[in-house]
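The structure appears below as structure tokens.
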Amino acid sequence: MAKESMKAREVKRKKLVDKYAAKREELKKAGDSVGLQKLPRNSSKVRLRNRCKLTGRPRGYMRTFGVSRVTFREMVLFGLIPGLTKSSW
């Protein structure tokens, strides 16, 4: 389980990315590197890190479901994801 501060930091970054997305795209098209440097660092999309929505785990993230592999397995075992079951042979 990630620290609450790490989760909050990611949420803050996501808000900044959304806020400055249009302005950043406009400056990129114009080729204004000085203007880009004046924007906040965390407004860059590359600074985002995919994290599990429930636990905040940064590794083993499954994009389709938005959770980590560990959380995904638990959800499948408890039947929380419709249409998926743990296979055994």
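The values are calculated or read from the model by the stated rules, or taken from the named source; none is laboratory data. What you are looking at is a predicted structure, and each value in this text was computed from that prediction instead of being measured. Don't worry about glycine lacking a Cβ; one is built from the backbone with ideal geometry, like all the others, and counts go over all protein chains shown.
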For Arg69, indicate whether it is surrounded by 13 or more Cβ atoms within 10 Å (Cβ to Cβ) and over 30 Å from Lys23 (Cα atoms). yes
Exactly one of these conditions fails for Lys15: (1) at pLDDT below 95; (2) within 12 Å of the chain's Cα centre (by Cα). Give me its number. (1)
If you take the residues in the range 9-66 that are of a type in the set (S, T, N, Q) and in a helix (DSSP H, G or I), which one is surrounded by the most Cβ atoms within 10 Å (Cβ to Cβ)? Ser43
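Name the single residue that is farthest from Ser5 (Cα to Cα) among those in the range 57-73 being of a type outside the set (Ser, Thr, Tyr) and out of contact with any strand residue (DSSP E or B) (no Cβ under 9 Å at 6 or more places or on another chain).
Here is the first cut: in the range 57-73, the residues of a type outside the set (Ser, Thr, Tyr) are 57-60, 62-63, 65-67, 69-70, 72-73.
With the extra rule that they be out of contact with any strand residue (DSSP E or B) (no Cβ under 9 Å at 6 or more places or on another chain), the set shrinks to 63, 65-66, 70, 73.
On the way: Arg63: 22, Phe65: 23, Gly66: 19, Val70: 21, Arg73: 25 Å.
Per the stated criteria, the residue is Arg73.
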